[in-house]
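Following: one structure in structure tokens, then a few remarks.
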Amino acid sequence: MFQTYLHRFTHLHTAANRTHWTEATCFRAPNKPLLLLAVLDQFAQGNVSGDLIELTPELGELFAGYWSRIMPPHRHGNIAMPFFHLRADRFWHLVARPGQEQALAALITISSIGQVRTVLLGARLDDDLAALLRQPEPREALRRALVETYFAAELQARLLEQGLVNVEAYRYGEELLAQAPPQVLKETPEQYRTAVRDQGFRRVIVSAYDHRCAFCGIRMLTIDGHTAVDAAHIVPWSVSHNDDPCNGMALCRLCHWTFDEGLLGVSARYAVLLGRQLAQSPNVAGHLLTLALRGRPIIGPGEQSLWPDLDALAWHRREVLR
Ligand SMILES: [Zn+2]
């Protein structure tokens with residue numbers, strides 16, 4: 001059984017095009033192997049229930065993480081394409097949403113995540129393949145085969161490292177959510193620890209706030225899995241060494257900068273506060289939303305226990321807000 005899937009994984013139908021793709025990806029489109037690496041990570045995280053793979057923002061971020069590790073910044077990946085076209089490889093079976101069966105049957109290609117979400121529940125793997133991917137040994141052998149088949153030698157270590165970080169970061173995030181002292185960092189090789197910590201904290205915060213900025217409410221996700229929000233520490237890591245989700249908020253890039261600069265803060269009743277500097281000269285930060293934000297309640301996470309810690313917010317008002 002393993003040999004069957006080893007063969008299929010190393011003989012994916014991928015577009016070969018010497019003008020479009022470089023030696024780095026063996027002159028082939030890397031979309032399918034990168035999507036499969038992201039799927040393997042979700043199995044390694046224990047984050048796949050049943051055998052249905054859904055196109056969640058989390059899968060999108062894993063795909064985008066791999067993509068940005070190896071591709072130049074101006075090349076954008078699109079997870080919708082491999083998610084649809086893997087159906088040609090005989091282990092990935094698209095499942096239509098109820099009532100969308102005919103729409104799916106009529107599709108010859110798909111180019112947007114929105115389209116995937118409208119038409120598809122997800123993709124079901126062969127039962128035998130799903131069973132193999134739940135076992136570390138065959139799963140990691142398939143991972144190495146993907147990396148060695150589709151990527152140049154100098155990228156292989158980077159992709160394997162990314163997989164390790166993805167899995168450890170997920171476990172780190174789960175430990176943060178369980179509000180247990182994180183164990184995972186002790187087992188993580190020293191050189192990956194910062195990446196694991198950053199990514200784990202980020203995943204927890206961004207998903208708790210559902211990709212929405214706590215101050216201005218902006219929510220933007222790109223087709224290649226990028227989001228407009230950062231996971232901001234309230235008391236910076238350099239001061240607190242604290243990744244507790246209650247020491248974080250999801251803020252868009254501009255609100256994050258404004259908060260870190262001390263131009264905006266949050267009151268004890270969770271309202272956005274303008275610092276004196278901004279109140280006296282609203283244009284100082286070039287912040288279009290300044291006046292609209294004053295006194296507005298922050299948009300907190302759905303889960304009550306993950307709301308910002310009032311002591312951390314008080315620290316920020318005392319030490320940073322100006
Ligand atoms: Zn914002």
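The values are calculated or read from the model by the stated rules, or taken from the named source; none is laboratory data. What you see is a predicted model, and the numbers here were worked out from it, not measured in a lab. When we count neighbours, we look across all protein chains shown, and the Cβ atoms used for this are built from the backbone with ideal geometry, even at glycine.
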Exercise for the section: State all residues of segment 212-233 that are more than 9 Å from the ligand (Cβ to nearest atom) and over 26 Å from residue 67 (Cβ atoms); if no residue qualifies, say none. Expected result: 233
Exercise for the section: Would you point out which residue out of 197, 134 is closer than 27 Å to residue 90 by Cα, at pLDDT 95 or above, within 22 Å of the chain's Cα centre (by Cα) and not hydroxyl-bearing (Ser, Thr, Tyr)? Expected result: 134
Practice task
Confirm whether residue 91 is in the same structural domain as residue 143 (by TED's automatic domain parsing), at pLDDT 90 or above and within 23 Å of the chain's Cα centre (by Cα).
Solution key: no
Fill in the blank from the handout: Taking first residues from segment 169-182 that are at positive phi and buried (at least 18 other Cβ atoms within 10 Å of the Cβ) and second residues anywhere that are in a helix (DSSP H, G or I) and modelled with pLDDT under 90, the pairs with Cβ under 9 Å that are 6 or more apart or on different chains are none
Exercise for the section: Being assigned to a loop (DSSP other than H, G, I, E, B) and touching a Ser or Thr at 6+ places or on another chain (Cβ under 9 Å) is the filter here, so list the residues in segment 92-111 that pass it. Expected result: 97, 100
Exercise for the section: Tell me which residues, restricted to segment 52-76, are under 10 Å from residue 226 (Cβ atoms) and part of a loop (DSSP other than H, G, I, E, B). Expected result: 76
Exercise for the section: Select from segment 234-255 the residues that are buried (at least 21 other Cβ atoms within 10 Å of the Cβ) and within 16 Å of the ligand (Cβ to nearest atom) and write down the one among them that is modelled with the lowest pLDDT. Expected result: 255
Practice task
Kindly indicate whether residue 94 is closer than 24 Å to residue 207 by Cα, touching a strand residue (DSSP E or B) at 6+ places or on another chain (Cβ under 7 Å) and in contact (Cβ under 8 Å) with a residue 12 or more places away in the chain.
Solution key: no
Practice task
Name the one entry in 129, 159, 164, 142 that is assigned to a helix (DSSP H, G or I) and over 20 Å from residue 82 (Cβ atoms).
Solution key: 164
Exercise for the section: Please enumerate the residues belonging to segment 2-51 that are outside any helix (DSSP H, G or I) and either closer than 25 Å to residue 168 by Cβ or not assigned by TED's automatic domain parsing to the domain that holds residue 83 (or both). Expected result: 30, 45, 46, 47, 48, 49, 50, 51
Exercise for the section: Restricting attention to segment 198-246, report how many residues are in a loop (DSSP other than H, G, I, E, B) and either on the phi > 0 side of the Ramachandran plot or in contact with a Ser or Thr (Cβ under 6 Å, 6 or more places away or on another chain) (or both). Expected result: 5
Practice task
Report whether or not residue 264 is farther than 29 Å from residue 80 by Cα and either assigned by TED's automatic domain parsing to the domain that holds residue 38 or within 14 Å of the ligand (Cβ to nearest atom) (or both).
Solution key: yes
Exercise for the section: Inspect all residues belonging to segment 255-275 and state whether any of them is under 30 Å from residue 31 (Cβ atoms) and of a type outside the set (Gly, Ala, Ser). Expected result: no
Exercise for the section: For residue 77, work out the one condition from (1) free of Cβ contacts under 8 Å to residues at least 24 places away in the same chain; (2) within 24 Å of residue 15 (Cβ to Cβ) it doesn't fulfil. Expected result: (1)
